[in-house]
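The structure appears below as structure tokens.
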Amino acid sequence: MSGTPPTVCIVTFGCQMNKLDSQLLRGELARSGFALTDDAARADVVLYNTCSVRRHAEDRVLSHLGSYRRRALREGRFVLGVIGCMAQRLGPKLIERFGFLDLVCGTHAFLRVPEYLRHVMAGQGPIVDVEGDGEVSFARAPGMRVGPHRAYVSVMRGCDNFCSYCIVPYVRGREVSRPPQEVVEEVEALSADGVREVILLGQNVNSYGRGLDGEDAGLAGLLALVNEVEGLRRIRFVTSHPRDMSDAVLGAVAGLVRVCEYLHVPAQSGSDAVLRRMNRGYTAADYRHMVRRARERIPAVELAGDFMVGFPGETDAEFDDTLRLLRDVRFQQSFIFKYSPRPQTRAANWPDDVPDEVKRERNQRLLAAQEEIDAERRAAMVGRRVEVLVDGPSKSDPAKLSGRTRQNDIVVFTGDRSLAGTLGTVRLTDSTVLTLFGELRQATVQHGGTELARLRRGHGGRS
Ligand code: SAH
Ligand code: SF4
Ligand code: F3S
């Protein structure tokens, strides 16, 4: 492109996958001669990367889009586009509603956005592309930083589970795993560039490898390969499905020194009847059994979960089963959502019969129970020594550092800024509901013998 490059701002809603896709697209745009900006008010092009998982997520985007009406009509050159899950779901309907939209591009075609923008900017009219399931390759993924030393790495796209409430399989398409060699190469490149922790992403990450052949197939095999990458310190993977938590995956977490003892395994409900209606493929007893197996194999493990309240037909007794499960498992963290009917899904055919006040009240009760667990868990950790990966200056107190434990707890502690990106041992001195506080005791030897010796023994480093 000649002249000053047009500036593009991408505004991202939704999950980690969307954040990663936005980053991939930024890379493509930069390669194609666009300039990137975070300033939507001054950008020549504004793209919304959108989420459809709950109605609220969509409503927020719709109101943002509406607010561009005057600007779009006044500034002839201004380009407004929608990409991501909502674009995939609504396609041309978005243009019908917002006549000033220039581009609607779904989850499979988003890497063609630079090409489409050139077309639109040449005055050739709006574009809608929601075709091409399974088309996106992982090949050009540069990996997304979530901090200077941590990065997301996509290992699969799509989902085949069709939980009865969930829009994801419709907007993200069929499950496709990325070949292990490609994942390893990306992690190697990230590590060479200073990344110390990778978070492997998939909607159903512990079923990784389905459809790929070869002896390394499976998440356990992938973890073993990534564990060998030089310079890397930590590996996490999200999100796991309870039904696919195999002994091989648990064994990999237990045995591979860099794989953190942290599992995000949404339970959704503690009631067998609700789980059946949700099409989750397990019972509450299966879930509890999975937790027991994980804790036996991996004594230091912590679990995070998702729960949904107010699913069609959820009775008080069914809700109580969920509350009991949340309390019994004592999750390290719980993400709690009010059920929201999604068009196309099976549950959308059933009456959304739990009144909003009841959903809100159940939501509050789960949150309160989780908060109680948070406070007790963190208070009980005071006095312990934990391994942290130092992120950098703390946002709440820039004179201090912040980092995460292997179990993904946030710790704020005293120490020198130059330690960012290294592992250290922190003695915990205090806690609040959400944060741990401490003093850095020693920085772990980074490239010397200690870490290597632990690696060879295949254990250690556990806090
Ligand atoms: N693939 C992941 C997460 C998908 S979406 C998994 O299966 O665990 C993230 C969370 O949003 C889900 O775990 C679920 O708790 C919630 N969610 C999905 N669909 C929803 C809906 N229709 N209403 C409310 N919450 C929903
Ligand atoms: Fe949705 Fe279920 Fe797939 Fe998760 S596993 S993305 S909840 S269909
Ligand atoms: Fe993620 Fe929302 Fe799409 S949760 S996959 S951005 S529907």
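The values are calculated or read from the model by the stated rules, or taken from the named source; none is laboratory data. Model, not experiment: these values are computed from the prediction. FYI the Cβ positions are ideal-geometry reconstructions off the backbone, even for glycines, and counts take in every protein chain you see. We work out accessible area using only protein heavy atoms, side chains counted, and drop any ligands, DNA or RNA first. Shrake-Rupley method; radii C 1.70, N 1.55, O 1.52, S 1.80 Å.
Summary table below
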item: Matching residues, the stretch 283-302, being buried (at least 19 other Cβ atoms within 10 Å of the Cβ) and touching a Lys or Arg at 6+ places or on another chain (Cβ under 7 Å); result: Val301
item: Residue among Arg60, Arg54 that is among the charged types (D, E, K, R) and touching a Ser or Thr at 6+ places or on another chain (Cβ under 8 Å); result: Arg54
item: Strands (runs of 3 or more DSSP E) wholly inside the stretch 307-406 containing at least 3 residues that are more than 30 Å from Gln88 (Cα to Cα); result: 385-393, 401-405
item: Members of the stretch 338-351 that are open to solvent by 60 Å² or more (accessible area, probe 1.4 Å) and either at pLDDT below 95 or in contact with a Phe, Trp or Tyr (Cβ under 7 Å, 6 or more places away or on another chain) (or both); result: Gln344
item: Count of residues meeting criterion [open to solvent by 10 Å² or more (accessible area, probe 1.4 Å), modelled with pLDDT under 95 and either away from ligand 2 (no atom under 15 Å from the Cβ) or on the phi > 0 side of the Ramachandran plot (or both)] in the stretch 151-178; result: 1
item: When residues of the stretch 356-381 are limited to those that are more than 14 Å from Leu434 (Cβ to Cβ) and open to solvent by less than 60 Å² (accessible area, probe 1.4 Å), the one farthest from the chain's Cα centre (by Cα); result: Val358
item: Verdict on Leu73 being outside the structural domain of Cys159 (by TED's automatic domain parsing) and loosely packed, with under 15 Cβ neighbours inside 10 Å; result: yes
item: Sole residue being within 22 Å of Asn161 (Cα to Cα) and not assigned by TED's automatic domain parsing to the domain that holds Glu58, chosen from Asp316, Asp306; result: Asp306
item: Scan of the stretch 68-92 for residues that are more than 30 Å from Thr345 (Cα to Cα) and small (Gly, Ala, Ser), ordered by number; result: Ala72, Gly76
item: Search result, residues across the stretch 263-275 that are within 17 Å of Asp244 (Cβ to Cβ) and more than 14 Å from ligand 2 (Cβ to nearest atom); result: Leu263
item: Selected residue (only one of Gly211, Gly202 is within 16 Å of ligand 2 (Cβ to nearest atom), within 19 Å of the chain's Cα centre (by Cα) and not hydrophobic (A, V, I, L, M, F, W, C)); result: Gly202
item: Residue count for the stretch 309-333, restricted to those that are of a type in the set (Gly, Ala, Ser) and open to solvent by less than 20 Å² (accessible area, probe 1.4 Å); result: 1
item: Residues within the stretch 228-247 that are more than 16 Å from ligand 3 (Cβ to nearest atom) and crowded, with 18+ Cβ neighbours inside 10 Å, tallied; result: 10
